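Notes follow the structure.
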Amino acid sequence: MHYLGLCCIVKNEDKFLKEWLAYHSSIGVEHFYLYDNESTIPVDTWLPKFADTSKVTILRASGAVMQLPAYNHCLTNFGSKFQWLGFIDADEYLLPHETDDLRTFLAEFEPHGGLGIHWRMFGSSGHEKRPEQPIIKAYTKAFINPDSHIKSIVQPHKTTGCRNPHAFGYICESGCVNEQHLPIADGSAWSVPSIQRIQINHYYFKSREDFMSKLKRGRVEGSFENDLARRMEYFDQHIETPAIEDTRIQRFLPKVEKILKDDCLSLNPDKENLNLSTTELLNKAQTAIQNMDWINAELCMCKLSKELQDVSDLWLMRAMVARSQKRLKAAEFFISEALKHSNNLNIWVEQFQLVMLNEDYNLAEAILHHLKRMSGLNAEEDPTLTYNIDIMEKMLKHKTKA
């Protein structure tokens, strides 16, 4: 089973699609489903030379307004193969700020049905003609204010289907949330924007030349842009919109440029773990933690998550790894999930380490008191717990962090 895939419906994106695939493969996407909506040059006539069927599945989607049918087809026919499936356009680039691998960011959202991610709109950056550079290098001027629109990455087994190109319905109680774990109503395409932890770089305009080309060829989603936003007046108006420089996505530029230079999507971020058993993955994760190989540890635990989602030890391991990388928000969430499934005192030992990092010494003292009391009630002394309590007392006395 794969952890993360992307679905996209495309029309005449042959000039940009390779970069979109190269970029998202670089951040951990394991497989792509491309629905070709009557491209002049059919995608399946040229893309397989760049990316074979082990990485990309190409399907034809003929007709008008096919985005919603394509999304629901993908969800119904391929959803069971994935923990997460994202549904975005070919001018949208997912950008996590806390990790270089999108899968490790998604891990803390597994108890929810989906994650709604907000756009940051990027303008033309002064380009009249199409630049001879990758999109993520050429376009760096972003609107100051993030957009209220979301796009969704969902867990297929927790969804009832796609309601609109932005949002889904959910069968689980928690449904969709934003990056701060705040709920987004089922089927809602909007929410109060929050892009501190993750955003979608929406390269809607590109150069004037590209925007004019987009007007002429039409798009997959229907009439709105054809009667309003596609007009060239909209392009001229966007130039006056206050913008800031945002180049954070360029940390992935070397990987993307190498893939484009090689003209081959050889990167398969799921290859090493794809066929390992649960025991093998667990052993690999534990070894990686011992070696402080945090990324590989996290990726192994992502693969284990669906089968072991109710096992507190998995959430505890994830909390330890996140804390070790100073990803404190993720660690806090992992700890809360571990506590839902067990009253194991080792979870509180890890919680103590986390609150010490947050300099919440009152809570740290309360946790230490709780552990002392609970250890005293045990019939048999636990040497490891006794040792940890001793260390915790010294940390609290000197207010030292883990």
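Coordinate-derived values only; no laboratory data. Given the structure is predicted, the values throughout are model-derived calculations rather than measurements. Glycine also receives a Cβ, built like all others from the backbone with ideal geometry; neighbour counts cover every protein chain displayed.
Ratio of Rg to Rh for region 278-398: 0.98 [Cα atoms; Kirkwood radius as inverse mean 1/r over pairs].
Against the empirical 2.2 N^0.38 Å (N residues), region 58-181 has a Cα radius of gyration ratio of 1.17.
Above 26 Å, the calculated P(r) of region 1-136 contains 24 percent of its Cα-Cα pairs. Applying Stokes-Einstein at 25 °C and 0.890 mPa s to the Kirkwood radius of region 123-169, computed over alpha-carbon pairs, gives a translational diffusion coefficient of 177 µm² s⁻¹. In this structure the amide hydrogen of TYR35, modeled in the peptide plane, comes within under 5 Å of the amide hydrogens of CYS8, ILE9, VAL10, LEU59, none closer than 5 places in sequence on its chain.
A Cβ-based charge dipole, computed about the Cα centre of the chain with Lys and Arg at +1 and Asp and Glu at -1, lands at about 580 debye. Across region 85-96, rounded Karplus estimates of 3J(HN,Hα) from the backbone phi angles (6.51 cos²θ - 1.76 cosθ + 1.60, θ = phi - 60°) give 10, x, 10, 9, 9, 6, 9, 10, 10, 6, 10, x Hz, Gly and Pro being marked x.
The angle separating the long axis of helix 278-290 from the principal Cα axis of greatest extent in the chain is about 70 degrees.
With both residues required to sit in the chain, DSSP beta bridges show an antiparallel share near 55%.
Taken over the alpha carbons of the chain as equal point scatterers, the Debye sum produces base-10 log I(q)/I(0) values at 0.11, 0.13 Å⁻¹ of -0.84, -1.11. Put simply, when 105-114, 181-190, 89-98 are sorted by average Cβ atoms within 10 angstrom per residue, most first, you get 105-114, 89-98, 181-190.
Here the extension length gained between LEU274 and MET1 equals 97.6 nm, from 0.36 nm per residue of separation less the Cα-Cα distance. For region 151-213, the fraction of alpha-carbon pairs lying more than 18 Å apart is 45 percent, rounded to a whole number. In degrees, nearest 10, range 0 to 90: what is the angle between the Cα axis of helix 312-324 and the longest Cα principal axis of the chain? With rounding to tens, the tilt is 80 degrees.
Set Lys and Arg Cβ to +1 and Asp and Glu Cβ to -1, take the dipole of the chain about its Cα centre, and tell me which of HIS398, SER174, ASN37 lies farthest positive. Comparing the listed Cα positions along the dipole, ASN37 ranks first. One quarter of the convex hull surface built on the alpha carbon atoms of region 339-402 amounts to 4.3 nm², the projected area averaged over directions.
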